[in-house]
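The values are calculated or read from the model by the stated rules, or taken from the named source; none is laboratory data. No experiment lies behind these values; they were computed from the predicted model shown. All Cβ positions, even for glycine, are placed from backbone atoms using ideal geometry, and neighbour counts span all protein chains on display.
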């Protein structure tokens with residue numbers, strides 16, 4: 001029996017697997033960076049909302065203690081505006097970052113799936129080649 005076609009197919013499928021790994025590896029770093037930087041931006045925006053909320057709470061408490069003080073009233077109004085501005089910025093970051101993260105993660109999953117499928121095909125072809133060689137031990141090269 002001539003195992004060369006099986007050997008050639010295993011080599012071809014290995015090349016496909018190798019090329020997919022190289023391509024996926026090259027893209028993975030950028031995709032992971034997209035996800036990581038997105039989380040960083042989301043955390044920063046959420047922290048700004050939290051900080052603005054604390055400032056607004058403090059300004060309202062001060063205003064309640066001295067309701068006739070116009071400076072405290074103005075500070076409370078500014079703190080309220082800052083809170084809602086931070087909240088709007090947070091919403092904008094979520095709207096911008098989440099789809100980019102989803103696309104990056106989908107790309108990673110697709111690459112992992114393609115690499116795994118190519119590896120499975122290569123291994124099956126390699127197993128067929130080795131099985132054929134085992135059936136004809138005297139003809140091994």
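So which residues in region 1-34 are within 29 Å of residue 121 (Cβ to Cβ) and under 13 Å from the mean Cα position of the chain (by Cα)?
Of the residues in region 1-34, the ones within 29 Å of residue 121 (Cβ to Cβ) are 1-32.
Correct list: 27, 28, 29, 30, 31, 32.
Here is a yes/no grid of residues against (1) surrounded by fewer than 15 Cβ atoms within 10 Å (Cβ to Cβ); (2) touching a residue at least 24 places away in the same chain (Cβ under 8 Å); (3) part of a helix (DSSP H, G or I); (4) in contact with a strand residue (DSSP E or B) (Cβ under 6 Å, 6 or more places away or on another chain):
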{"position": "53", "(1), (2), (3), (4)": "no, yes, yes, no"}
{"position": "61", "(1), (2), (3), (4)": "yes, no, yes, no"}
{"position": "67", "(1), (2), (3), (4)": "yes, no, no, no"}
{"position": "77", "(1), (2), (3), (4)": "yes, no, yes, no"}
{"position": "80", "(1), (2), (3), (4)": "no, yes, yes, no"}
{"position": "102", "(1), (2), (3), (4)": "yes, no, yes, no"}
{"position": "106", "(1), (2), (3), (4)": "yes, no, yes, no"}
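Hey, among the residues in region 114-140 that are loosely packed, with under 11 Cβ neighbours inside 10 Å and without any contact (Cβ under 8 Å) to a residue 24 or more places away in the chain, which one's farthest from the chain's Cα centre (by Cα)?
Step one: filter region 114-140 for residues loosely packed, with under 11 Cβ neighbours inside 10 Å, giving 134-135, 137-138, 140.
Add one more test, that the residue is without any contact (Cβ under 8 Å) to a residue 24 or more places away in the chain, and what stays is 134, 137-138, 140.
Details: 134: 45, 137: 49, 138: 52, 140: 47 Å.
Taking the candidates together, the pick is 138.
Based on this model, can you work out whether residue 75 counts as at pLDDT 95 or above and in contact with a helix residue (DSSP H, G or I) (Cβ under 6 Å, 6 or more places away or on another chain)? So residue 75 fits the description; yes.
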